[in-house]
Amino acid sequence: MKKKRKSSLSRIRVNDAIWGYICIAPLAIGLIIFLAAPLLYSLYISLTEYDLFSKPVFIGLDNFRRAFSASETQFWPSIKNALVMSIGVIISMFLSLVLANILTKKLKGMNAFKLIFFIPTICSPVAVAIMWRRMYDYNYGTINKILKTLFHMEPVNWLSREWAVPSLIFMGVLFGMGINILLYISAIKNIPSVYYEAAKLDGANELQSFLRITVPSVSPVTFYILITGLIGSLQGFTTFKVMTNGSPENTMMPVMLIYNYSGNDYGAFYGYASALAILLGLIISVIMIINFKLSKKWVYYES
């Protein structure tokens, strides 16, 4: 009898395992085809000289040496540009949390404000970038017209070297706040009300409750927004391509540079472009590892 029970249990476990593998097969196959295989192929191409039309020629680590040589004057500055643009992630987190805290109050018109902030996030990034490029236009831009009408100011070239970075950061902050606000609203609503009631009994005002209760309680959401925002900033392409196309040079982003080396402005250097893409991936990984290490000091998870 014991042997029969063991054999039946083993059959059940085998059947469960088979169905488990069947269920995860579509996702696993998709990851292999669309993620693992291209990544391995890109790693191989990074070790070659390849122009898409002729056979790849193996050159070892020469593409990586070129990336670290004095002749490469754009990749590392583009990484710096991306890190500067990521300042917008911090600004967006702060403003989103403040606005979300306000929008959770039971006041008239809050749903309309939620809709206003969320609408840009469902629009195409290309369409949004074209709209903002039009608004920033030196001669016919809406912003310059408003400034001239209200303050009699001369037109400003918002996409010049001096103004392009703050202009793009401002656009990015407004474009990304909708999702952040919704995430924060959900997190704030899940904070037990007894925390605020106890703080009120202890004499805490709204600012103290916000800093001592709300901010620590939503820290996991803040960490998520920080991680995804940094990755998005370092991989920024669409809006920067439409807005400036890398000119002035302080708006050249790493992915745009890789795109230029992949048969666009700089010729077809697929091996070198793949090497830069791998270096960018490693840089993002290092930044994420540092963030995860530091998160232990300020992210609080309820047990």
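FYI, it's all coordinate maths here, none of it is from the lab. Note that the structure is a prediction, hence the values are computed from the model and not measured. A quick note on method: Cβ atoms are made from the backbone with ideal geometry, for glycine too, and the neighbour counts reach across all protein chains shown.
By the rule of a C-alpha distance below 15 Å, with chain neighbours fewer than 8 residues away ignored, the aspartates and glutamates paired with Lys80 are Glu72, Glu249.
What net charge is computed for the residues neighbouring Gly141, neighbours being all others with C-beta under 11 Å from the C-beta of Gly141, Lys and Arg scored +1, Asp and Glu -1? Taking every other residue near Gly141 into account, the sum is +3.
Kindly provide log₁₀ I(q)/I(0) values, in the same order as q = 0.11, 0.13, 0.16, 0.17 Å⁻¹, from the Debye equation applied to equal alpha-carbon scatterers of region 75-295. Results for region 75-295 at q = 0.11, 0.13, 0.16, 0.17 Å⁻¹ read -0.68, -0.88, -1.15, -1.22.
With r defined as the distance between the Cβ atoms of Tyr301 and Asp51 and R0 fixed at 35 Å, what FRET efficiency is calculated, to the nearest 0.05? My answer for the efficiency is 0.10. A simple rule links phi to the HN-Hα coupling: the Karplus curve 6.51 cos²θ - 1.76 cosθ + 1.60 with θ = phi - 60°, which for region 34-48 gives 9, 10, 5, 4, x, 5, 5, 5, 4, 4, 5, 4, 5, 9, 10 Hz, with x for Gly and Pro.
Run the numbers on the chain and let me know its relative contact order in percent, using alpha-carbon pairs under 8 Å that are six or more apart. Normalised by residue count, the contact order of the chain is 27 percent. Within the listed set Asp51, Asp137, Asp16, the Gaussian network model of the chain (springs between alpha-carbon atoms below 10 Å) gives the highest mean-square fluctuation for Asp16.
Region 179-211 and region 10-76 have Cα centres lying 45 Å from one another.
For Thr48, the amide hydrogen comes within under 5 Å of the amide hydrogens of Ile59, counting only partners 5 or more places away or on other chains and with H modelled in the peptide plane. All other residues whose Cβ lies under 14 angstrom from that of Ile185 are scored, Lys and Arg at +1 and Asp and Glu at -1, for a net of +4. In order along region 122-133, the Karplus-derived 3J(HN,Hα) couplings, from 6.51 cos²θ - 1.76 cosθ + 1.60 at θ = phi - 60°, round to 9, 8, 5, x, 5, 5, 5, 5, 4, 4, 5, 4 Hz, and Gly and Pro are given as x. Rounded to whole numbers, the Karplus 3J(HN,Hα) couplings from phi for region 55-62 are 5, x, 10, 5, 10, x, 9, 4 Hz, using 6.51 cos²θ - 1.76 cosθ + 1.60 with θ = phi - 60°, and x at Gly and Pro.
For the pairs Lys105/Lys189; Lys106/Lys189; Lys200/Lys297; Lys105/Lys200; Lys114/Lys148, note any where the Cα-Cα span goes beyond 20 Å.
Lys200/Lys297; Lys114/Lys148
Under Stokes-Einstein, with the Kirkwood radius over Cα pairs as Rh, the value for region 2-67 at 4 °C and 1.567 mPa s is 82 µm²/s.
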